[in-house]
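Working notes, beginning with the structure itself.
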Amino acid sequence: MTSLSPDAATVARMIDHTLLKPEATAADVTALIAEAIELGTYSVCVSPSMLPLTIPAGADLKVAVVCGFPSGKHHSSIKATEAALAIDQGADEIDMVIDIGAAKAGRFADVRADIAAVRASVPAPKVLKVIIESAALTDAEIVVVCQAAVAAGADFVKTSTGFHPAGGATVHAVRLMKQTVAERAQVKASGGVRSFADAAAMIDAGATRLGVSGSAALLSGATSEGESSSY
């Protein structure tokens, strides 16, 4: 395994090492898994069509899979079926995207019902993370959507897909999300977490998980100026 500083090793265990590019191949995912094991990340996060994954025996590595990604504009029944299939194919965690338009329209009961439908397909101890696309929401909308996610049984609220033109995670959004969910859920920061300093700031604001594609570069920044990554 790569020799990491103690700080970098701690951060690595908070990382979902992510590959969600549409052009990703099976070979790319195999390389992602190998790098995740080398770096000591918590999980790999992939698209559902890449399942099932082959994780080497004895590797301490979880599998996270996105659902309703990246737009969130799928019927709840489709999201629930997609999540159930991913669980059947070996996923440990599901990262679902809410219907952002429903949130913007103030249809928060629909947002809650959408999350609840997926939660029903992701039984504990499997983990459900809810992507709210925080950069596209006002602070007031972030608060109500996070409350809906907790009420529907989410384990995490997550800032971003990394694909929305409004942008990705911010320290402000992470802090607001954590203040809202308190101890009832955890917060994942994703989208634009490109440096070790970014990671540290997100953790300080309350994030306990990070979505990162350029994990090696980010972790190298614990001791040096690593190359910036993209999500």
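The values are calculated or read from the model by the stated rules, or taken from the named source; none is laboratory data. Bear in mind that the values here come from a model prediction, so they are computed numbers and not experimental data. Note: ideal-geometry Cβ built from the backbone for every residue, glycine included; neighbour counts use all protein chains shown. Heavy atoms of the whole protein, side chains included, go into the accessibility calculation; ligands, DNA and RNA do not. Shrake-Rupley method; radii C 1.70, N 1.55, O 1.52, S 1.80 Å.
Summary of computed values
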read-out	value
Using θ = phi - 60° and Karplus 6.51 cos²θ - 1.76 cosθ + 1.60, couplings along region 192-197 (whole Hz; Gly, Pro as x)	x, 7, 10, 9, 4, 5
Residues with amide H under 5 Å from that of residue 98, placed H, sequence gap 5 or more	131
Cα→Cβ-extended label distance, 7 Å offset, between residue 166 and residue 183, nm	3.1
Gyration tensor over alpha-carbon atoms, region 121-231, equivalent ellipsoid semi-axes in Å	24, 15, 12
Under 18 Å from the Cα of residue 79 - aspartates and glutamates, other chains or at least 8 residues apart	88, 92, 93, 95, 99, 110, 114, 133, 155
Residue 146 accessible area, assembled protein chains, probe 1.4 Å, Å²	0
Inter-centroid distance (Cα atoms) of region 60-84 relative to region 130-206, Å	18
Amide H within-cut-off set for residue 186, under 5 Å, with H built and near neighbours excluded	156, 157
Calculated FRET efficiency for the pair residue 75/residue 140, C-beta based, R₀ 25 Å, to 0.05	0.40
Counting DSSP beta bridges with both ends in the chain, the antiparallel % (nearest 5)	0
Average accessible surface area per residue within the chain, 1.4 Å rolling probe, Å²	42
Computed accessible area, residue 194, all protein chains, 1.4 angstrom probe, square angstrom	110
Tensor-based shape of region 117-183 (alpha-carbon gyration tensor, a/c under 1.5 rounded, otherwise prolate or oblate)	prolate
Long pairs among 21/104; 73/129; 73/178, criterion Cα-Cα beyond 22 Å	21/104; 73/178
Estimated inter-spin distance, residue 21 and residue 57, nm [label 7 Å along Cα→Cβ]	3.3
Amide H partners (placed H, <5 Å) of residue 62, local residues excluded	43, 44
Residue 120-residue 208 FRET efficiency (beta carbon distance; Förster radius 25 Å; 0.05 resolution)	0.55
Cβ crowding within 10 Å averaged over residues, with 22-29, 70-77 ranked highest first	70-77, 22-29
Options (1) 48, 36, 31; (2) 58, 32, 30; (3) 70, 31, 31 - which one matches Cα extents along the principal axes in Å as calculated here	(1)
